[in-house]
Amino acid sequence: MKNSYQQAYSLLYDHFGPQNWWPGETVFEILVGAVLTQNTNWKNVEKAISALKEHGCLDFHIMYAMDDQVLAQLIRPAGYYNLKAARLKNLLKMIAEVYHGDLRLLTEDDVDSARENLLSVKGVGPETADSILLYCCDQPVFVVDAYTHRIFSRHNLLEEETDYHTIQQTFMDNLDHDACLFNEYHALIVQVGKEYCKKSNPRCKDCPLEHLAV
DNA sequence: CACCAGGCAAGTA
DNA sequence: TACTTGCATGGT
């Protein structure tokens, strides 16, 4: 018998199909995108990533050596550009110091150590860290975002005031610890959130989850 | 015009 | 501890 969190996944997958996340050709591109997309529309992130590519700056050592102001101007379309340029540099600095600038060593590290190192970076919080663990490192870590909280609280599967860690635990307690499943599930939550669970649609009208039994 | 988007950290009381 | 504010572009 499937629980509510498994049922919700089936409903979303049947409605939207596979999402093929994370959009990005390389681990480094995904890493950069994880920072750039903080509280920002993905379309704007795409513009910033395109600019980085066009200038040949979507590379660990090149970006790490770049002037902060120049980096900030390239990622300008993603918003908060001064802040994000500094955050990217902070993240690359940690990887340079802890993982010898080798992303493979990050992806091969054990998940608890990697998470601790990521969270030690100023500008990398729980969602960004978990996104990197799941989408760069292929670790079975469930990513929670604003949509996860909003959608599942509206459908009475979470209390309104539930914090990040508790939401993450709830999903991980109720699902197989499978990176492919967590990958698809988070992407599907973002998709249903964008289409049906905006603040301007407070009842989530016509949402694929509206008749989900709790 | 107002509002929001795949957060996070720092400031205030 | 529990709120509040700054960060910023681009689409609806």
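Bear in mind these aren't lab numbers, they're just calculated from the coordinates by the rules spelled out. What you see is a predicted model, and the numbers here were worked out from it, not measured in a lab. Reconstructed Cβ throughout: ideal geometry from the backbone, glycine too, with neighbour counts over all protein chains shown.
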Could you tell me whether region A:90-113 includes any residue that is surrounded by fewer than 21 Cβ atoms within 10 Å (Cβ to Cβ) and within 16 Å of DNA strand C (Cβ to nearest atom)? yes
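Return the residue satisfying two criteria in turn: it lies in region A:80-100 and is of a type outside the set (A, V, I, L, M) and farther than 13 Å from A:LEU31 by Cα, and of such residues it is nearest to DNA strand B (Cβ to nearest atom). Spell out how you get there, then give the answer.
Just the residues of region A:80-100 that are of a type outside the set (A, V, I, L, M), to begin with: A:80-82, A:84, A:87, A:89-90, A:93, A:97, A:99-100.
With farther than 13 Å from A:LEU31 by Cα added as a condition, the list becomes A:80-82, A:93, A:97, A:99-100.
On the way: A:TYR80: 6, A:TYR81: 11, A:ASN82: 11, A:LYS93: 14, A:GLU97: 17, A:TYR99: 19, A:HIS100: 23 Å.
That would be A:TYR80.
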Look through region A:27-53, keep the residues that are assigned to a helix (DSSP H, G or I) and more than 12 Å from A:ILE75 (Cα to Cα), and return whichever of them is nearest to DNA strand B (Cβ to nearest atom). A:TRP42
Which numbered condition A:LEU58 fails, given (1) among the aliphatic types (A, V, I, L, M); (2) under 30 Å from A:LEU175 (Cα atoms); (3) not in a helix (DSSP H, G or I): (2)
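For every residue, the table says whether it meets (1) surrounded by 18 or more Cβ atoms within 10 Å (Cβ to Cβ); (2) in contact (Cβ under 8 Å) with a residue 40 or more places away in the chain; (3) assigned to a helix (DSSP H, G or I).
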residue: A:ASP130; (1), (2), (3): yes, no, yes
residue: A:LEU134; (1), (2), (3): yes, yes, yes
residue: A:CYS137; (1), (2), (3): yes, no, no
residue: A:VAL141; (1), (2), (3): yes, yes, no
residue: A:LEU158; (1), (2), (3): yes, no, no
residue: A:THR166; (1), (2), (3): no, no, yes
residue: A:PHE171; (1), (2), (3): yes, yes, yes
More than 15 Å from DNA strand C (Cβ to nearest atom), exposed (fewer than 14 other Cβ atoms within 10 Å of the Cβ) and not in a helix (DSSP H, G or I), is that true of A:PRO18? yes
I'd like to check something: does region A:37-57 contain any residue that is away from DNA strand C (no atom under 16 Å from the Cβ) and either aliphatic (A, V, I, L, M) or touching a residue at least 40 places away in the same chain (Cβ under 8 Å) (or both)? no
